[in-house]
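Here's the structure, in structure tokens; my notes come after.
The values are calculated or read from the model by the stated rules, or taken from the named source; none is laboratory data. Just so it is clear, the model here is predicted, and its values are computed rather than measured. Cβ sites come from the backbone with ideal geometry, for glycine too, and all protein chains shown count toward neighbours. Just the protein is used for accessible areas: all its heavy atoms, side chains included, with ligands, DNA and RNA removed. Shrake-Rupley method; radii C 1.70, N 1.55, O 1.52, S 1.80 Å.
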Amino acid sequence: MKYRNLFTPVKIGSLTIKNRFALAPMGPLGLADAEGGFNQRGIDYYTERAKGGTGLIITGVTFSDCKVETQSMPNCPNSTYNPVHFIRTSKEMTERIHAYGSKVFLMMSGGFGRVTIPTNLGEFPPVAPSAIPHRWLDKICRPLTVDEIHSIVKSFGDGAYNAKRGGFDGVEIHAVHEGYLMDQFAISMFNQRTDEYGGSLENRLRFAKEVVEEIKARCGKDFPVVLRFSVKSMIKDWREGALPGEEFEEKGRDIEEGLEAAKLLVSYGYDALDTDVGTYDAWWWNHPPMYQEKGLYRPYCKMVKEVVDVPVLCAGRMDNPEMASAAIENGECDIIGLGRPLLADPDYVNKLRAKRYDEIRPCISCQEGCMGRVQEYSMINCAVNPQAARERVTAYEPILKPKKVMIVGGGVAGCEAARVLALRGHQPVLFEKGSRLGGNLIPGGAPEFKEDDIALADWYQVQMDKLMVPVHLNTEVTKEDVLKGGYDTVIIATGSTPKVFSLGDDEHVYTAAQVLIGEKDCGGTTVVIGGGLVGCETALWLAQHGKKVTIVEALDQILAVNGPLCHANKDMLERLVPYHGVAIETGAKVLSYQDGKLIFSRDGEEKTIACDSVILAVGYKENNSLYHELEFDIPEIYLLGDARTVSNIMYGIWDAFEVANHI
């Protein structure tokens with residue numbers, strides 16, 4: 001077997017995990033009920049990942065303390081909330097997980113401190129080790145008292161005891177990681193205390209030490225306790241994080257102190273370290289977008305592994321099995337954490353074991369359905385997998401009579417509709433005017449950092465082949481073709497077209513898509529009109545390939561509208577663009593392009609930029625003319641994807657799934 005070392009057992013303490021894969025902990029929003037237990041969605045969600053072959057399931061964060069930091073957070077295992085209900089719902093879940101030979105750990109948090117999500121804070125003042133600035137709000141945090149620290153430590157013991165009663169095989173502590181409350185105590189920048197919890201590294205780690213000691217005292221030495229641990233902070237200053245490759249002075253925890261901390265934490269009794277880098281001041285490290293390289297934590301995990309004698313877990317875009325296998329082989333880590341990849345495909349591990357590599361649905365690291373929705377709507381989902389965390393309510397609907405369904409358009413909406421219809425037993429036929437499936441995934445996936453967009457397009461092609469869906473490429477469908485086809489149902493998913501306008505010398509004015517797919521050469525110097533997501537990513541990619549690029553944006557800042565929902569993606573892209581030498585002109589009105597010069601005005605003053613070309617990235621418009629030609633001639637007709645409303649990949653897939661699952 002090609003990746004056999006990923007399927008060898010591994011021990012955490014005295015507990016044996018059947019393979020080297022763990023579901024990395026991710027925000028459990030939407031997976032808890034109002035009484036602090038797991039709801040049916042949560043039980044189904046975690047069980048589905050165990051059914052898919054994952055050796056270790058680590059839940060999203062739960063609060064051990066519900067008194068000091070009064071927030072509305074999911075799942076409270078401690079004895080002050082509703083322990084009987086927590087144990088009962090946990091037992092229902094853990095029994096199902098254990099049926100598949102998987103183990104399950106509860107992630108327990110001591111609190112968020114200065115990084116508390118503002119919507120969860122309410123009127124209560126944020127807490128921290130010291131009187132330091134809150135990460136998001138213009139507030140100064142209230143220092144925790146020693147009695148409050150002791151109370152939180154005790155709550156960990158209570159919570160872990162209840163977790164053990166509920167069938168959990170261990171716990172993971174959240175965390176000396178990402179700048180959460182316990183990490184704020186561990187980092188001298190945040191911890192300015194002069195008592196026994198401040199000063200030396202040992203004192204700053206006292207909180208974490210007392211937590212593991214309390215849990216071991218309550219649950220026994222053989223009950224595994226893992227720690228989520230960031231070996232380096234990547235902080236340039238308050239609310240300012242470093243970019244990959246950037247030279248900077250570390251204001252948080254540097255590698256030297258991080259390795260010393262790792263040794264101390266293991267000596268205190270932690271049975272494994274779930275290792276990464278970053279903090280919320282540099283949160284594109286802990287929640288890596290597509291702009292971060294794959295496997296970005298591997299060198300840091302290897303440093304930790306060389307100084308400790310317990311297993312090291314490594315997540316962070318580790319979905320490439322070749323990379324994962326090499327990481328185990330090279331001693332970089334012991335266990336591969338998969339978070340978003342297991343949202344995208346809960347059967348990842350079983351498909352890998354069965355050598356069905358091309359059937360694994362790729363995560364595209366957009367964070368629209370996961371981190372973005374956690375932040376904005378308090379729910380975790382997945383952009384490319386509409387069933388993630390909704391397994392029961394989105395189960396495939398049975399059919400009584402197969403229908404012959406014509407689908408016009410082979411972008412994500414058309415492909416997803418065809419996939420779902422075929423799985424349910426209908427007879428979809430797909431028509432695409434281009435030479436391959438994927439629609440806007442093809443130009444969107446041209447930059448190297450968007451390679452998974454192309455992987456998703458390839459995955460859909462594999463699905464069409466596997467499900468034996470007839471696909472007609474290079475075929476432009478007319479109204480007459482539809483009417484004479486004898487179809488029971490018609491889906492129009494004809495996508496969108498880039499908005500264009502004349503600037504004068506239109507021979508050297510291109511759309512972003514034309515440049516991205518190599519249809520047009522922008523020359524050595526170019527101007528991108530439009531500072532939205534497409535414009536910024538196009539400019540970044542061109543700059544990385546040695547082009548001199550300027551973004552001209554009408555609004556006062558780039559990514560002001562229709563940017564990534566996840567702030568980690570948005571914040572990183574905003575910084576990457578100027579970091580790679582892209583000039584930015586905001587508040588600008590473009591007037592014309594003549595004689596190799598773009599002319600624009602700002603505050604009534606005309607300015608010029610010399611350039612070889614101009615690239616338009618000013619949005620898309622719906623291509624829905626075929627639908628309107630047919631809407632009164634076809635009894636059952638649907639308009640999907642960008643043809644209905646220009647949006648993003650997530651809503652193209654989700655809307656198609658919803659409609660196709662109920663035809």
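Overview of results
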{"quantity": "Looking only at region 604-663, and only at residues there that are aromatic (Phe, Trp, Tyr) and within 17 Å of residue 478 (Cα to Cα), the one that is nearest to the chain's Cα centre (by Cα)", "calculated": "638"}
{"quantity": "Region 157-180 residues that are under 16 Å from residue 92 (Cβ atoms), paired with ones that are modelled with pLDDT of 95 or more and among the charged types (D, E, K, R) (beta carbon under 7 Å, 6 or more apart)", "calculated": "166/91; 167/91; 167/95; 169/103"}
{"quantity": "Some residue of region 280-296 being charged (D, E, K, R), surrounded by fewer than 19 Cβ atoms within 10 Å (Cβ to Cβ) and modelled with pLDDT of 95 or more", "calculated": "yes"}
{"quantity": "In region 192-234, residue surrounded by the fewest Cβ atoms within 10 Å (Cβ to Cβ) [restricted to those that are of a type in the set (Phe, Trp, Tyr) and under 26 Å from residue 251 (Cα atoms)]", "calculated": "197"}
{"quantity": "Output for region 534-561, where each listed residue is more than 16 Å from residue 590 (Cβ to Cβ), open to solvent by 70 Å² or more (accessible area, probe 1.4 Å) and not aliphatic (A, V, I, L, M)", "calculated": "544, 545, 548, 557"}
{"quantity": "Extreme residue, farthest from the chain's Cα centre (by Cα), among residues of region 323-340 that are touching a residue at least 40 places away in the same chain (Cβ under 8 Å) and over 26 Å from residue 380 (Cα atoms)", "calculated": "329"}
{"quantity": "Filter result (of a type in the set (D, E, K, R), in a strand (DSSP E or B) and closer than 23 Å to residue 559 by Cα) within region 603-644", "calculated": "607, 621, 622"}
{"quantity": "Residue in region 375-403 that is modelled with the lowest pLDDT, counting only those that are buried (at least 16 other Cβ atoms within 10 Å of the Cβ) and of a type in the set (Ser, Thr, Tyr)", "calculated": "378"}
{"quantity": "Qualifying residue in region 277-291 (condition: in contact with a helix residue (DSSP H, G or I) (Cβ under 6 Å, 6 or more places away or on another chain), among the aliphatic types (A, V, I, L, M) and farther than 14 Å from residue 6 by Cα)", "calculated": "yes"}
{"quantity": "Candidates 581, 587, 604, 619, filtered to the one that is free of Cβ contacts under 8 Å to residues at least 12 places away in the same chain, surrounded by fewer than 21 Cβ atoms within 10 Å (Cβ to Cβ) and farther than 30 Å from residue 400 by Cα", "calculated": "604"}
{"quantity": "Flag if residue 466 is among the basic types (Lys, Arg) and within 19 Å of residue 660 (Cβ to Cβ)", "calculated": "yes"}
{"quantity": "First in region 499-513 and of a type in the set (Val, Ile, Thr), second anywhere and surrounded by fewer than 21 Cβ atoms within 10 Å (Cβ to Cβ) and assigned to a strand (DSSP E or B), Cβ under 6 Å, 6 or more apart", "calculated": "511/498"}
